[in-house]
Structure formats: C-alpha cells, structure tokens
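Trainee: My structure is below; once you've seen it, I'll send some questions.
The values are calculated or read from the model by the stated rules, or taken from the named source; none is laboratory data. The shown structure was predicted, so the numbers you read here are calculated from the model rather than taken from an experiment. Every residue, glycine as well, gets a Cβ built from its backbone with ideal geometry; the counts of neighbours run over all protein chains shown.
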C-alpha cells in the first residue's frame, strides 16, 4: 500500500484544486479544467442525488473572459428533479432540459447511479 501511495503522490500534486467555503459556510471545490477549444465536447458524469437537495449545480466549466472575448461556459444542474444543461460558447446562451425525472436513491443501494452524458 505504501508503494501505491508514494507512486500516486507526484500525480496528485499536479492536480490544481481549490477548496474554500462560501458566505453560508458551505464547502466549495474547484479545479482548472483540462478542456480546450474544439468543435465538440463530451462530458460524462455519474450522479447520485441526495435526499434533501432538490436543486443543485452538478458541473460547471468556464473560460476566463479576455479583453476582446467574453467568458464561455458549459453547466449541468439538477432543477425540479430534471437535468438541465446550459451553455454559451461564443454566441447566445442556450439551455436544454431532459424529460427524465431524477429520483432519490437510498443509501443502502450502493450500485445505482445516474449516468449523464452531454455531447455538443
């Protein structure tokens, strides 16, 4: 086990993560996305909703705005028990809502997850 940990340490130090709390004291985690400009994006996430969180941000990646270019972003959220994708990649802001209802999964069911695939 020690050998595995010592091998993974150099790799884990290369991942830039920021952890901080907001005004309400909730912990937030962020990292620099390895995404780069391309004509398409594929995002794949396994998700398990918690019982008392009906709406939540699942994923957000965005670029920093530059002097001549506005910030671009792709976001996934759970809203009213449905997955909603938002994006603005240099044009107008768009949004699409999945019609499938996301239901709570009991903690005793450890193998059931929702698999979310977003292809642009």
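Trainee: Is it fair to say residue 75 is within 16 Å of residue 41 (Cβ to Cβ), in contact (Cβ under 8 Å) with a residue 24 or more places away in the chain and surrounded by 15 or more Cβ atoms within 10 Å (Cβ to Cβ)? First the steps, then the outcome.
Mentor: Details: within 16 Å of residue 41 (Cβ to Cβ): yes; in contact (Cβ under 8 Å) with a residue 24 or more places away in the chain: no; surrounded by 15 or more Cβ atoms within 10 Å (Cβ to Cβ): yes.
Here the answer is no, as residue 75 does not meet what is asked.
Trainee: Output the number of the condition that residue 5 fails; it satisfies all remaining conditions of (1) modelled with pLDDT of 75 or more; (2) not in a strand (DSSP E or B).
Mentor: Among (1) modelled with pLDDT of 75 or more; (2) not in a strand (DSSP E or B), the lone unmet condition for residue 5 is (1).
Trainee: Just to be sure before I move on: is residue 105 more than 17 Å from the chain's Cα centre (by Cα) and either surrounded by 11 or more Cβ atoms within 10 Å (Cβ to Cβ) or not in a loop (DSSP other than H, G, I, E, B) (or both) in the structure I sent? Show your work before the answer.
Mentor: Values: more than 17 Å from the chain's Cα centre (by Cα): yes; either surrounded by 11 or more Cβ atoms within 10 Å (Cβ to Cβ) or not in a loop (DSSP other than H, G, I, E, B) (or both): yes.
Answer is yes for this residue.
Trainee: Return a yes/no flag: does the range 50-67 have any residue that is touching a strand residue (DSSP E or B) at 6+ places or on another chain (Cβ under 8 Å), over 20 Å from residue 115 (Cα atoms) and surrounded by fewer than 16 Cβ atoms within 10 Å (Cβ to Cβ).
Mentor: There is at least one residue in the range 50-67 that is touching a strand residue (DSSP E or B) at 6+ places or on another chain (Cβ under 8 Å), over 20 Å from residue 115 (Cα atoms) and surrounded by fewer than 16 Cβ atoms within 10 Å (Cβ to Cβ).
Trainee: Give me a count of the residues in the range 80-92 that are within 18 Å of the chain's Cα centre (by Cα) and either surrounded by 13 or more Cβ atoms within 10 Å (Cβ to Cβ) or free of Cβ contacts under 8 Å to residues at least 12 places away in the same chain (or both). Spell out the reasoning first.
Mentor: The first filter runs over the range 80-92 and keeps only residues within 18 Å of the chain's Cα centre (by Cα), leaving 80-89.
From the residues that got through so far, the ones that are either surrounded by 13 or more Cβ atoms within 10 Å (Cβ to Cβ) or free of Cβ contacts under 8 Å to residues at least 12 places away in the same chain (or both) too are 81-89.
Qualifying residue count, the range 80-92: 9.
Trainee: Answer yes if at least one residue in the range 30-42 is assigned to a strand (DSSP E or B) and at pLDDT 65 or above, and no otherwise.
Mentor: Yes, the conditions are met somewhere in the range 30-42.
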